């Protein structure tokens, strides 16, 4: 049984403030210590060391709000018979504004039709009718299990940190897999180069767009992660830091063809995954469910389309499938690789979102790519 209680931020620590502050939380009346225990466990797991008691109280307040939201999301999921589960993660002590700084306030251009050098997608057809062609697509596919010469073609989930560089990680995830097919082994490419060099003058840490990344690689190629290493985020917040001229090209220029997958998104995205065995870069809007996601299939859009401020994120679709919810209803989904690290958010850094409904605009403006010819090294 739950009750709204007015409590100090953190028991005796409130005495450290000149003016005591209070906030409302939903707390289990029979187990009032649970939320405090959860906060202490959170600090240990995510190595949180706050500057002073005042910051500890502020973080506690943010954590309680997240804790309550997670509880309400899980209750809704259970009531609706859905598979989605939500939990505490590395963002749980952040305010809404702090979290949004890791997102994009815009896509820096139109979602669809933005690629100057993009093409319309046409797969080699063994059948004339698209309905017949769709029969060639399996019901499920997961590129994370695909290998070349015994090596996986999908790299580890990376962490963008506090930068709004999701667009960089989404693009490199696509190109890394294409390079793996060509070389017969996986190579990690440089997100830092795209962050420094692929923008319109805006520091890459402050946001960007998929078309910046793909057009840059088309014209300039891309260095390996070891050739153009990651620097600190203070650097990434500055413009004029590009050092590509002095870096080798692990992925050479003019070797890619990019495709706008907006004509028939679900079919075309599945086709790229199946026939080219390559991820698809996507943009989508982010709501509270995504922030607190743990596992299962996300179906609700929350404040994606209706919030006062729309915030965007980017990722790489690496597969798709179909599941059943608790009532036996079909849940077709995409598997999306995120850039928030492993063991800190989501299902080991991945998320499943409902497929075929344009969840939070994820199927609007997807980008696929393939190699024009082989690279040898």
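The values are calculated or read from the model by the stated rules, or taken from the named source; none is laboratory data. Since the structure is predicted, the reported quantities are computational estimates derived from the model, not experimental observations. In this analysis, Cβ positions are derived from the backbone assuming ideal geometry, glycine residues included, and neighbour counts consider all displayed protein chains.
Descriptive notes on the structure:
- Test: residue 74 is modelled with pLDDT of 95 or more, more than 15 Å from residue 345 (Cα to Cα) and outside the structural domain of residue 312 (by TED's automatic domain parsing): yes
- The number of residues in segment 324-349 being touching a residue at least 40 places away in the same chain (Cβ under 8 Å), over 16 Å from the mean Cα position of the chain (by Cα) and in a loop (DSSP other than H, G, I, E, B) comes to 4.
- Screening segment 191-288 for helices (runs of 4 or more DSSP H) wholly inside it with 1 or more residues that are over 26 Å from residue 368 (Cβ atoms) and not assigned by TED's automatic domain parsing to the domain that holds residue 336 returns no ranges.
- Helices (runs of 4 or more DSSP H) wholly inside segment 34-105 that include at least 1 residues being within 21 Å of the chain's Cα centre (by Cα): 53-80, 96-100
- Being assigned by TED's automatic domain parsing to the domain that holds residue 140, closer than 22 Å to residue 98 by Cβ, in contact with a helix residue (DSSP H, G or I) (Cβ under 7 Å, 6 or more places away or on another chain) and not in a loop (DSSP other than H, G, I, E, B) is a condition met by no residue of segment 303-310.
- Filter result for the condition that a residue is buried (at least 17 other Cβ atoms within 10 Å of the Cβ), outside the structural domain of residue 281 (by TED's automatic domain parsing), modelled with pLDDT under 95 and closer than 26 Å to residue 290 by Cα, over 102, 59: 102
- Residues (within 18 Å of residue 335 (Cα to Cα) and without any contact (Cβ under 8 Å) to a residue 60 or more places away in the chain) located in segment 133-163: 145, 147, 152, 155
- Applying the set (1) under 30 Å from residue 83 (Cβ atoms); (2) buried (at least 23 other Cβ atoms within 10 Å of the Cβ) to residue 193 leaves exactly one unmet item: (1).
- Flag for residue 321 being out of contact with any helix residue (DSSP H, G or I) (no Cβ under 6 Å at 6 or more places or on another chain), over 17 Å from residue 87 (Cβ atoms) and without any contact (Cβ under 8 Å) to a residue 40 or more places away in the chain: no
- Which numbered condition residue 308 fails, given (1) surrounded by fewer than 23 Cβ atoms within 10 Å (Cβ to Cβ); (2) at pLDDT 95 or above: (2)
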